[in-house]
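Asks: Following this message is one structure expressed as structure tokens.
No value in this document is a laboratory result; all are computed from the given coordinates. Just so we're clear, the structure is a prediction, and the values are computed from it rather than from any experiment. Quick reminder, even Gly has a Cβ in these numbers, built from the backbone with ideal geometry, and neighbours come from all protein chains shown.
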């Protein structure tokens with residue numbers, strides 16, 4: 001698979017405890033992206049953050065949160081990202097999704 005130079009980055013901000021269809025939401029999103037042939041997805045776990053409710057979630061030892069911030073990043077063509085957004089929209093009860101233009105310099109499998 002190759003990607004054109006002009007792509008889109010979908011960044012989804014959710015909580016570690018968010019679930020959908022009985023599984024962690026971030027896992028469900030990654031599997032949906034893979035099933036639909038998107039170029040790739042990466043899940044990042046945050047050390048600290050807050051969202052729309054302004055509740056602080058932190059990994060500090062004295063206030064250990066079991067609901068740390070999660071960011072799912074997916075890069076692909078604008079068309080594929082736009083087609084993917086309605087798939088995940090209903091699954092995300094609380095969170096944030098952003099889109100930005102990216103310049104793809106290379107996309108290699110190493111094989």
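Asks: Run the numbers on the chain and let me know its relative contact order in percent, using alpha-carbon pairs under 8 Å that are six or more apart.
Replies: Relative CO of the chain lands at 45 percent.
Asks: Helix 78-89 versus the longest principal axis of the chain: what angle, 0 to 90°, nearest 10, using Cα atoms?
Replies: In the chain, helix 78-89 runs at an angle near 30 degrees to the longest axis.
Asks: What's the FRET efficiency of residue 5 with residue 99 using the Cβ-Cβ distance as r and R₀ = 22 Å, to the nearest 0.05?
Replies: For R0 = 22 Å, the calculated efficiency reads 0.80.
Asks: Okay, moving on. Once you have the Kirkwood Rh of the chain from its Cα pairs, apply Stokes-Einstein at 37 °C and 0.692 mPa s and quote D in µm²/s.
Replies: 219
Asks: Counting only the backbone N, which residues of segment 72-92 are under 14 Å from the spot 7 Å out from the Cα of residue 42 toward its beta-carbon?
Replies: In segment 72-92, the label zone of residue 42 (backbone N under 14 Å from the point 7 Å along Cα→Cβ) covers 72-76.
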